[in-house]
Amino acid sequence: MTMKTIKKLPVIKNTLNTKQLCTNLLLILFLFTTVTRILAIPPDFTTKNIKFLSEGDSLAGTIFKPDHISAAVVMVHGSGQEKRMTEFATLLAKNGIAVLTYDKRGVGESGGIYAGPEVGTNNVDAANLNLLSLDASAAVNVLSKYLSNNQISIGLIGASQAGWIIPLTAEKNSKVKFMTIFSGALITVKEQLRFQFYTNGNSKFWDTHTEEDARKHTMTDPDKYEFIDTDPIDVLSKLSVPGLWIFGGKDIQVPVNLSIEHLNTLKSKGKRYEYKLFPELGHNTAFSDDETPMKNAVKWMKNIKIQKVK
């Protein structure tokens, strides 16, 4: 190698560094532009915070309105101090389903008094379930007025305790056109509590117990609490709207097989009730790692609208 060649090396090195720097800067600029463009894309739905009255109390919620609406639902709470379910509502809105979700009475920004074991009160007696169904019915009226479109089917969706509240709401409000219920019991409240106390939160319960054993305790165990009971069959036998129940075969809060038997009896009498059973899932069928239950529910709700239009 000559001295002349050696002297050129730093120049070549500097040129390479400059090219690499330019390449990196271009890459950064491209990534920045791409991210900015993605963030600038507006969601395909809008949201509006609202307040509405129910039984003299002000309830606070949010309406999710897709650009192209296939169906609409009011979300009904399960047990517990639940606020509005925005993540759930977002998922539905992205699938073309309008949603009204609100803070449960006495929770979050909603007025009224919350009833539940956390505050030493009973939230499953007939009076409280009826009150919560009145709240859901008021929400249906608000959503119907907001959408101002009689061609959009409005339904109810919820899980667990909502399985008792949703039929009560549908009976009260003729605007309710369908029901979607995750892990809701089709037995009385007292029977459900007997089963829940017997399983005692044991996730391995079904590994060591039979259906016959569980059913015996569900039907015969002494009640730990006294309150006015609710039997969902009384209301479900009167309704004419379609309903979809989604169950997990390893549920330890709701006796699924017994509930399915009651559902099949109602179906044999002409009720438009359907169910889907996922044998490996537990009580949380709506938000398990398996997305199939939610996808099935969304597809079913959107088809309710299609059938109605025809």
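Here, each number is a calculation from the coordinates, and none is a lab measurement. Remember, it's a predicted structure, so these values are computed and weren't measured experimentally. Reconstructed Cβ throughout: ideal geometry from the backbone, glycine too, with neighbour counts over all protein chains shown.
A few remarks follow.
- Electrostatic dipole magnitude of the range 198-310 [Cβ: Lys, Arg +1; Asp, Glu -1; Cα centre; debye, to 20]: 1060 debye
- Between the range 132-199 and the range 219-251, the alpha-carbon center distance in angstrom: 12 Å
- Extension gain, residue 215 to residue 233, is 4.7 nm, computed as 0.36 nm per intervening residue step minus the present C-alpha separation.
- Most tightly packed first, judged by the mean number of other beta-carbon atoms within 10 Å of their residues, the peptides 284-292, 251-259 read 251-259, 284-292.
- Descending by average beta-carbon neighbour count within 10 Å, the peptides 54-67, 88-101 line up as 88-101, 54-67, the highest first.
- Anisotropy class assigned to the range 159-256 is prolate, per the alpha carbon gyration tensor with a/c at or over the 1.5 cut-off and a/b larger than b/c.
- Prolate/oblate/rounded call for the range 45-309, Cα gyration tensor, a/c under 1.5 rounded: prolate
- Taking each residue as 0.36 nm, the span from residue 146 to residue 122 lengthens on full extension beyond its C-alpha to C-alpha distance by 5.3 nm.
- Cα gyration tensor shape for the range 194-310, rounded if a/c is under 1.5, else prolate or oblate: oblate
- Using a cut-off of 31 Å between Cα atoms, the listed pairs 83/250; 145/269; 177/216 include 145/269; 177/216 as exceeding that distance.
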